[in-house]
Structures are given as structure tokens and as C-alpha cells.
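Q: Below are the C-alpha cells for one structure; questions will follow.
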Amino acid sequence: MSKGDTTVKTVTLSSSPGRGKKAVAYLKRYWTLYLLLLLPITYFVIFKYVPMQYIQIAFKKYSIVQNVWEMPWADNNGFEYFIKAFENKDFLNALRNTIMLNFLDLLCGFPAPIILALLLTELPFPRYKRVTQTIAYMPHFLSWIIIAGLAKQLFAPTTGLVNNFLGKLGVDPVPFLNEPIWWVVTYIALGIWQSVGWNTIIYLAAIAGINPELYEAASMDGAGRLRKMWHITLPGIRSTIVVLLILSLGRILGSEFDRPYALGNHMVNNVSNVIAIFVYKYGIQGLQFSLATAVGLFQSVVCVIFLFAANALAKRFGERGVW
């Protein structure tokens, strides 16, 4: 071994204890922050990771009187309930509805907070801007039960305020919540109304991080508001848009329960029944726990695949991914 090699080795070994002492000193200095971090870590371990052991219910014949580790394996090498799910017409209908509603949500709802953030940025009066932001945020704090109750009062075919107003204009009543096509339109519109203000916060924070000197230089060059928006603001928040788009694509097969269940009725079951409602009806009401677990596991695996694919695609085009 050469003298240079010995020197390098000595430096490497001697620096390790130094790093350890720095780490201990860092922990002692910021112990309160790590103590605060302990609470969410405990939450995720208890309520997210520990229950993962019961994923095996999807591959077993569930019995309420047996321990999950002692339950017999399902037929077809454990895939019996996955096969039953894809042979079930209700599940195929729920799968179609979930993909359709999530795609429309993404298509119409994803650009909405970006547009609202751009418009709020251009408001000249700070007080008016704050009032507008507050009004836009408020629907986020309403539960879907409340929103559904308001929607049924507003959009009722004969007694609703909207249809009464349309009737005075000579327009026939619109079945907003009673016909599949109109129900989908109302579903998407209410979803945008409820979430657009809250989702705008992230984009407003990203816009606030753009260097103001860029706008000053553009003004000196004679650029108007639209040109500044197109050439400065949008490129400045592009990385934020890409990250949120990746996360949204990862939820393309995810399904919320509250919104379709609260807004749905027997006249629109063919478009309102999503995977979450299927799992509720067959798992909670029908006590078919193995089938419901298999459907939930399939849903989660597909969402993870979409997330990884979207992240890889973003990196391939030179954008910063989620990781």
C-alpha cells in the first residue's frame, strides 16, 4: 500500500467519529422537532403499516372465527376472489365509472386551480384579492353531505331554485341529479367548486417564489400581462405542475366514497357506483371481506403502477419527478 493510500484511509477513519459526534449534537439541538415528528410516524406505523398484514385476506377464505394466519388459502392459487371480481358485472361497472369520473376530474379539475392562481396574481387590490381567496377556500371545509344537501335543494327538478329560475326564462327543467349525463356534469362541477380554492394555495406559493426582477425586465421590454404569464409565470411553476400532475395520475383508479355516495340515487346508479361504493356494499353490507380486500388491493396496485409510470415519463422528458 502506498503512502498516499494510507493517508486517505487514515483521514476516512478519523472523520467517521467526527460525523457521529455532529449527528448526536444535531439531535440534541433539535430534539423538540424530532419529538414532534414522532407523532405522525407513530400514526403511519399503527394505522398504515401494521394493517398491511391483513392484505392476505384477499388471498384467503375469510372466516370471522379464525385468526387471519390460520385461514385456508382461496382456490386458484389464492386468486379466487380476484377472478370473482372480474366476473362480477357490478365491479366492471364500478371500474368503468371510476376511470371515467377520475379522468373527467383530471381533465377539467386539474387546470382550474392553475387558472385561478394566475387570475388571483393579477388582481391589483390586495384587500379584494384576500377576500376573493377566502371565498374560494371556504367550500373546501364543507363536507360532501352538506354540499349534496345544498345541491339537491338548488337542482331539484320542480322545487329547486335553479330550475325555478330557468322556468321563468322559459327553459324546461334540467334533471341535474336525475339523468346520468347531467349527473356527471353536476358531479364534476361541484368537485371543481369544492376543491379549486384549496388547491390554488400551492400554485400561489410557487408563483410567490418567482424572481420579481423577471417581471420588471419584461415590463421594460414592453411585455403585457399575458406575455408575462406565458413566458415567466407558467415556466416558473412548471415543476410544481408536473409533480402535482404525477400525483393526480397516481390516483386515476382511486375513488372517493363521500361525493358519489352523497350525490347518487337509484336513477343514476349506472354512472355513480364507483369502486369505493362497490367495496362498501359487498364488504361492509354483504360481509364478503375477501372479495372487498381483493378489489381494494387491485385498486392500490394499479394506482402505484400509474404513479411510477407517470414519474418515469416526466423524468424522460427532462422534468423533475416526485423522487
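Q: Filter the range 255-274 down to residues that are part of a helix (DSSP H, G or I) and not aliphatic (A, V, I, L, M) and give me whichever is farthest from ILE57 (Cα to Cα).
A: Residues of the range 255-274 part of a helix (DSSP H, G or I): 258-263, 266-272.
When the remaining residues are screened for being not aliphatic (A, V, I, L, M), the result is 258-261, 266, 269-270, 272.
Numbers: ASP258: 25, ARG259: 28, PRO260: 27, TYR261: 26, HIS266: 31, ASN269: 29, ASN270: 29, SER272: 27 Å.
Across the range 255-274, the extreme among qualifying residues is HIS266.
Q: Next question. Just one of TRP198, TRP183 is under 14 Å from ASP105 (Cα atoms), modelled with pLDDT of 90 or more and surrounded by 15 or more Cβ atoms within 10 Å (Cβ to Cβ); which is it?
A: One residue alone meets the criteria, TRP183.
Yes or no, residue by residue, for (1) part of a helix (DSSP H, G or I); (2) in the same structural domain as ASN88 (by TED's automatic domain parsing); (3) touching a Gly at 6+ places or on another chain (Cβ under 8 Å); (4) hydroxyl-bearing (Ser, Thr, Tyr):
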residue: SER248; (1), (2), (3), (4): yes, yes, no, yes
residue: LEU253; (1), (2), (3), (4): no, yes, no, no
residue: ALA276; (1), (2), (3), (4): yes, yes, no, no
residue: ALA292; (1), (2), (3), (4): yes, yes, yes, no
residue: LEU297; (1), (2), (3), (4): yes, yes, no, no
residue: VAL302; (1), (2), (3), (4): yes, yes, no, no
residue: ALA310; (1), (2), (3), (4): yes, yes, yes, no
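Q: Same structure again: Check THR158 against each of (1) surrounded by fewer than 18 Cβ atoms within 10 Å (Cβ to Cβ); (2) modelled with pLDDT under 90; (3) under 28 Å from ALA276 (Cα atoms) and name the one condition it does not meet.
A: (3) is the only condition that THR158 fails.
Q: Looking at ILE241, is it under 16 Å from ASP105 (Cβ atoms) and either touching an Asp or Glu at 6+ places or on another chain (Cβ under 6 Å) or part of a helix (DSSP H, G or I) (or both)?
A: So ILE241 fails the test.
Q: Report whether or not LEU226 is within 21 Å of HIS140 (Cβ to Cβ), hydrophobic (A, V, I, L, M, F, W, C) and surrounded by fewer than 17 Cβ atoms within 10 Å (Cβ to Cβ).
A: When the stated conditions are applied, LEU226 does not pass them.
Listed here are the residues, each with its yes/no results for (1) acidic (Asp, Glu); (2) within 26 Å of the chain's Cα centre (by Cα); (3) assigned by TED's automatic domain parsing to the domain that holds PHE298.
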{"residue": "SER63", "(1), (2), (3)": "no, no, no"}
{"residue": "TRP73", "(1), (2), (3)": "no, no, yes"}
{"residue": "ASN77", "(1), (2), (3)": "no, no, yes"}
{"residue": "GLU80", "(1), (2), (3)": "yes, no, yes"}
{"residue": "GLU87", "(1), (2), (3)": "yes, no, yes"}
{"residue": "ASN102", "(1), (2), (3)": "no, yes, yes"}
{"residue": "LEU107", "(1), (2), (3)": "no, yes, yes"}
{"residue": "LEU119", "(1), (2), (3)": "no, yes, yes"}
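Q: Of the conditions (1) farther than 30 Å from ILE192 by Cβ; (2) at pLDDT 95 or above, TRP73 satisfies every one except a single condition; which number is it?
A: (2)
Q: Show me the helices (runs of 4 or more DSSP H) entirely contained within the range 10-112 in which 1 or more residues are in contact (Cβ under 8 Å) with a residue 60 or more places away in the chain and among the aromatic types (Phe, Trp, Tyr).
A: 80-87, 89-104
Q: Restricting to the range 100-149, name every residue that is surrounded by 14 or more Cβ atoms within 10 Å (Cβ to Cβ) and of a type in the set (Val, Ile, Thr).
A: ILE114, THR121, THR132, ILE147, listed by residue number.
Q: Give me the residue from the range 113-154 that is modelled with pLDDT of 90 or more and not in a helix (DSSP H, G or I) and, out of that set, farthest from PHE257 (Cα to Cα).
A: Taking the candidates together, the pick is LEU142.
Q: Please indicate, with yes or no, whether at least one residue in the range 285-300 is touching a Phe, Trp or Tyr at 6+ places or on another chain (Cβ under 7 Å), within 29 Å of LEU177 (Cβ to Cβ) and of a type outside the set (Gly, Ala, Ser).
A: Within the range 285-300, one or more residues are touching a Phe, Trp or Tyr at 6+ places or on another chain (Cβ under 7 Å), within 29 Å of LEU177 (Cβ to Cβ) and of a type outside the set (Gly, Ala, Ser).
Q: Can you name the residue in the range 277-303 that is of a type in the set (Val, Ile, Thr) and free of Cβ contacts under 8 Å to residues at least 24 places away in the same chain and is also nearest to GLY264 (Cα to Cα) among such residues?
A: By that ranking, first place goes to VAL279.
Q: All but one of (1) within 34 Å of the chain's Cα centre (by Cα); (2) part of a loop (DSSP other than H, G, I, E, B) hold for ASP172; which doesn't?
A: Every listed condition holds for ASP172 apart from (1).
Q: Condition first: of a type outside the set (S, T, N, Q) and surrounded by 10 or more Cβ atoms within 10 Å (Cβ to Cβ). Now tell me which residues in the range 50-63 satisfy that.
A: We begin by selecting, within the range 50-63, every residue of a type outside the set (S, T, N, Q); these are 50-52, 54-55, 57-62.
VAL50, TYR54, ILE55, ILE57, ALA58, PHE59, LYS60, LYS61, TYR62, listed by residue number.
Q: Still on this structure: Any chance the range 209-221 includes a residue that's assigned to a loop (DSSP other than H, G, I, E, B), on the phi > 0 side of the Ramachandran plot, loosely packed, with under 14 Cβ neighbours inside 10 Å and without any contact (Cβ under 8 Å) to a residue 12 or more places away in the chain?
A: For the range 209-221, residues assigned to a loop (DSSP other than H, G, I, E, B), on the phi > 0 side of the Ramachandran plot, loosely packed, with under 14 Cβ neighbours inside 10 Å and without any contact (Cβ under 8 Å) to a residue 12 or more places away in the chain: absent.
The values are calculated or read from the model by the stated rules, or taken from the named source; none is laboratory data. None of these values were measured; they are calculated from a predicted model. Please note: Cβ atoms are built from the backbone with ideal geometry, for glycine as well, and neighbour counts cover all protein chains shown.
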